[in-house]
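Worksheet: one structure, shown below.
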Amino acid sequence: AQKVTQAQTEISVVEKEDVTLDCVYETRDTTYYLFWYKQPPSGELVFLIRRNSFDEQNEISGRYSWNFQKSTSSFNFTITASQVVDSAVYFCALTNNDMRFGAGTRLTVKP
Amino acid sequence: NAGVMQNPRHLVRRRGQEARLRCSPMKGHSHVYWYRQLPEEGLKFMVYLQKENIIDESGMPKERFSAEFPKEGPSILRIQQVVRGDSAAYFCASSPPASGSENEQFFGPGTRLTVL
């Protein structure tokens, strides 16, 4: 069975702080893909990143970075120097044939 | 290139009525997925369809819910005899043909169903 756990339900930080959103997954598959999506207050889902199970190289995109560790089945997401516009719900997802989402982490960045 | 389109964006139904939610995938995409997001919760997979075929419906409730993706036209998620617990946001996503899970799923804006 596939499962994604985002243990942090809500996180609140002050602008310019760094924040890490945790994601732990379970799967028996050797080939799988991990995603992060952002859902701002407007409700749409915004794709952030895709990572396949064979690529453990960490990735940085501007203020965003992702740390994929297969040994601990984790795919954590860090926002550096957070901004108010980063306030949203962030979902981690795991897919092989269908996509399983975590419950999401609501990030609030205060000015 | 238009993205995934869903309509209506908001739908209000009374208990016992039927709800029909439509999803037009991105141009060239032949895989469609439906997800439900209950208030304050994450997205739950419902069904995965390709043209004229249901590939995986393991997330669909056993009764009242059905989905189709005909050869022509949008994918339809149909909820019969709606109840208040069906109130949720329903998201559709699409991905290109010959795709497996490696492809990004492009999400529509969602349909927010309210059952009175």
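Details
Residue by residue, here is whether (1) in a loop (DSSP other than H, G, I, E, B); (2) modelled with pLDDT of 90 or more; (3) surrounded by 22 or more Cβ atoms within 10 Å (Cβ to Cβ); (4) within 12 Å of chain A (Cβ to nearest Cβ) holds:
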| site | (1), (2), (3), (4) |
| --- | --- |
| B:TRP34 | no, yes, yes, yes |
| B:PRO39 | yes, no, no, yes |
| B:TYR48 | no, yes, yes, yes |
| B:GLU63 | yes, yes, no, no |
| B:GLY73 | yes, yes, no, no |
| B:GLY85 | no, yes, no, no |
| B:ALA93 | no, yes, yes, yes |
| B:ASN103 | yes, no, no, yes |
| B:PRO109 | yes, yes, no, yes |
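- When residues in the range B:50-61 are screened for being facing chain A (nearest Cβ under 10 Å) and assigned to a strand (DSSP E or B), 2 of them pass.
- Picking from residues in the range B:6-31 that are buried (at least 16 other Cβ atoms within 10 Å of the Cβ) and within 12 Å of another protein chain (Cβ to nearest Cβ), the one that is nearest to A:MET99 (Cα to Cα) is B:HIS31.
- Residue in the range A:91-101 that is of a type in the set (Lys, Arg) and within 17 Å of B:LYS44 (Cα to Cα) present: yes
So that you can scan it fast, the table gives a plain yes or no per residue for (1) among the polar types (S, T, N, Q); (2) surrounded by 17 or more Cβ atoms within 10 Å (Cβ to Cβ); (3) assigned to a loop (DSSP other than H, G, I, E, B); (4) at pLDDT below 90:
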{"residue": "A:THR20", "(1), (2), (3), (4)": "yes, no, no, no"}
{"residue": "A:TYR25", "(1), (2), (3), (4)": "no, yes, no, no"}
{"residue": "A:ASP29", "(1), (2), (3), (4)": "no, no, yes, yes"}
{"residue": "A:TRP36", "(1), (2), (3), (4)": "no, yes, no, no"}
{"residue": "A:PHE47", "(1), (2), (3), (4)": "no, no, no, yes"}
{"residue": "A:ARG50", "(1), (2), (3), (4)": "no, yes, no, yes"}
{"residue": "A:ASP55", "(1), (2), (3), (4)": "no, no, yes, yes"}
{"residue": "A:PHE91", "(1), (2), (3), (4)": "no, yes, no, no"}
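The values are calculated or read from the model by the stated rules, or taken from the named source; none is laboratory data. Bear in mind that the values here come from a model prediction, so they are computed numbers and not experimental data. A quick note on method: Cβ atoms are made from the backbone with ideal geometry, for glycine too, and the neighbour counts reach across all protein chains shown.
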